[in-house]
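Shown next, in structure tokens, is the structure this report addresses.
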Amino acid sequence: MAAADATVFGVILAISFCHLLNDMMQSLLPAIYPDLKADFGLSFGQVGIVTLVYQMTASILQPLVGLYADRHPTPLALPGGTLFSLGGLVVLSLAHTYPILLVGAALLGVGSSVFHPESSRVARMASGGRHGLAQSLFQVGGNTGQALGPLAAALVVVRWGQSSVAFFALLLLFSTAILWNVARWYKHHGLARLQRGAAAGRAARARLPRAAVIRGIAVLLALIFSKYVYLTSLTSYYTFYLIEHFALSVQAAQLHLFVFLSAIAVGTILGGAIGDRIGRKRVIWISILGALPFTLLLPYASLFWTAPLTVVIGLILASAFPAILVYAQELVPGKVGMISGLFFGLAFGAGGIGAAWLGALVDATSLEHVYRLCAYLPLIGLLAALLPDAEP
């Protein structure tokens, strides 16, 4: 490998740290759901609509942002997009009506829709051929931020109230400064590296039939759907489940959510690195279907076993996303932005639709019924048998 195409860990770690800050701010929203529900007098269905608005603005725009970036690279979109998330936090901190709350959630979604496809492109630019590791390091930043969100909510927002959310917006100004420097590297070095990688990828994929590529992308999208609907059942309603089922306090429930999200962060970085070594298709098989025994046990577990089970589920399920994303990028070389936007967008969209549907189902039945139903979602992992054998 030429020195010019070596792995640039400085850029990967910078974009991962910004992913941490971005997703930490994003995860403040579900972390303060119990407070918002009480303050605004919301039903579970209305809580689900908040998640739907946030995640649909992210999911619908992300593939479009990625497609545009593939055709017209815009390095300054990285620092610029962060300002939408900053605005969303300010609106959430000041919201006193349900519609304004939805506006804040929508602005957060727009911020994510710009950040994720472009930053995923940067991770691939800087990977130097170690695509799984680069995507894992990038993604683990986001997972770590998601884990820190509930912890920040428990330590700050629960104590100081809704208006304290605005304090966290200051961290996004720091992220904007870092992303400005990443954008300069993107413009002067990253684009040339990405173009060389795309040319090599097209040559390697020339032998794969178009129908096999389409089938592979469809299967991967179905796996992302099952993964994120299940994860949404925990990230949106796990705290409510613990409070209702085990009579935990809000802070104790948020700490349990922090443990679960921390396991997701660890599983993410393991999944990409292992995929580079043993093949991404094997990791996909293990990470989706392998969680099934533990998801089936979770609804019947005592408080003592609930935390360990969620840790195992988080570790196994989280290893899937880097492997799925890199596998898809290699199926469609030269379209890194579009593929990244499509898969990040579906992840957000599946989470949003799942949150709204599950919230309405909780209102109609019970939290226990929803967790028993969602436990079967990893069965969709059997579709991995239809993936083409196309890894280099």
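The values are calculated or read from the model by the stated rules, or taken from the named source; none is laboratory data. All figures in this text were calculated on a predicted structure; none of them were measured in a lab. Here Cβ is always computed from backbone atoms with ideal geometry, including for glycine, and neighbour counts include all displayed protein chains. Only protein heavy atoms, including side chains, enter the accessible area calculation; ligands, DNA and RNA are left aside. Shrake-Rupley method; radii C 1.70, N 1.55, O 1.52, S 1.80 Å.
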Q: Calculate the radius of gyration of the Cα atoms of region 11-113 to one decimal place, then report Dmax, the largest Cα-Cα distance, as a whole number, both in Å.
A: 14.7, 46
Q) Using the Karplus equation 6.51 cos²θ - 1.76 cosθ + 1.60 (θ = phi - 60°), what ³J(HN,Hα) coupling, rounded to whole Hz, does each residue of region 105-118 give in order, writing x for Gly and Pro? A) 5, 5, 5, 4, x, 4, x, 5, 5, 7, 5, 5, x, 5
Q: Rounded to whole Hz and in sequence order, give me ³J(HN,Hα) for region 248-265 from the Karplus expression 6.51 cos²θ - 1.76 cosθ + 1.60, θ = phi - 60°, writing x for Gly and Pro.
A: 7, 6, 4, 5, 5, 5, 5, 5, 4, 5, 4, 4, 4, 5, 5, 4, 5, 4
(Q) Which of Leu315, Leu379, Leu221 ends up with the largest GNM mean-square fluctuation for the chain, with Cα atoms connected below 10 Å? (A) Leu379
Q) Ile269: net charge of surrounding residues, Cβ under 14 Å, Lys/Arg +1, Asp/Glu -1, itself excluded? A) +1
Q. What do you reckon, how do Ile217, Ile380, Ile60 stack up by accessible area (1.4 Å probe), largest on top?
A. Ile60, Ile380, Ile217
Q: Grab the eigenvalues of the alpha-carbon gyration tensor for region 275-359, scale each by 5, take roots, and send me the semi-axes largest first in whole angstrom.
A: 28, 18, 8
Q: Provide Rg over Rh for region 210-268; use the alpha carbon set for both Rg and the Kirkwood Rh (inverse mean inverse pair distance).
A: 1.22
Q: For region 100-178, take the alpha-carbon Rg, divide it by the Kirkwood Rh, and send me Rg/Rh.
A: 1.04
Q: Report the charge-dipole magnitude of the chain in Debye, nearest 20, computed about the Cα centre from +1 at each Lys and Arg Cβ and -1 at each Asp and Glu Cβ.
A: 1320 debye
Q: Run the quick spin-label model on Leu155 and His189: label points 7 Å from Cα toward the beta carbon, then report their separation in nm to one decimal.
A: 3.3 nm
Q. Around Ala355, with a cut-off of 14 angstrom between Cβ atoms, what is the net charge of the other residues, counting Lys and Arg +1 and Asp and Glu -1?
A. 0
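Please list His188, His131, His96, His369 from largest to smallest accessible area, probe radius 1.4 Å, with all protein chains kept in place.
Highest to lowest solvent-accessible surface, that is His96, His188, His369, His131.
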Q) Share of Cα-Cα pairs in the chain beyond 32 Å, in percent? A) 29 percent
Q | Anchor Lys227: lysines whose Cα lies under 21 Å away (excluding residues fewer than 8 positions away in-chain) | A | Lys281
Q | Table column - 3J(HN,Hα) (Hz), region 332-343, Karplus curve with 6.51, -1.76, 1.60, x for Gly and Pro | A | 10, x, x, 10, 4, x, 4, 5, 4, x, 4, 7
Q: Compute the length gained on full extension between Ala360 and Leu296: take 0.36 nm times their separation in residues and subtract their Cα-Cα distance, giving the result in nm to one decimal.
A: 20.8 nm
Q.
List the lysines whose Cα sits under 26 Å from the Cα of Lys187, skipping any in the same chain fewer than 8 residues away.
A. Lys335
(Q) For Glu330, Glu244, give me the order by solvent-accessible area with a 1.4 Å probe, most accessible first, ignoring ligands, DNA and RNA. (A) Glu244, Glu330
Q. Quick one: with all protein chains in place, what share of the accessible area of region 302-392 is carbon or sulfur, to the nearest percent (1.4 Å probe)?
A. 75 percent
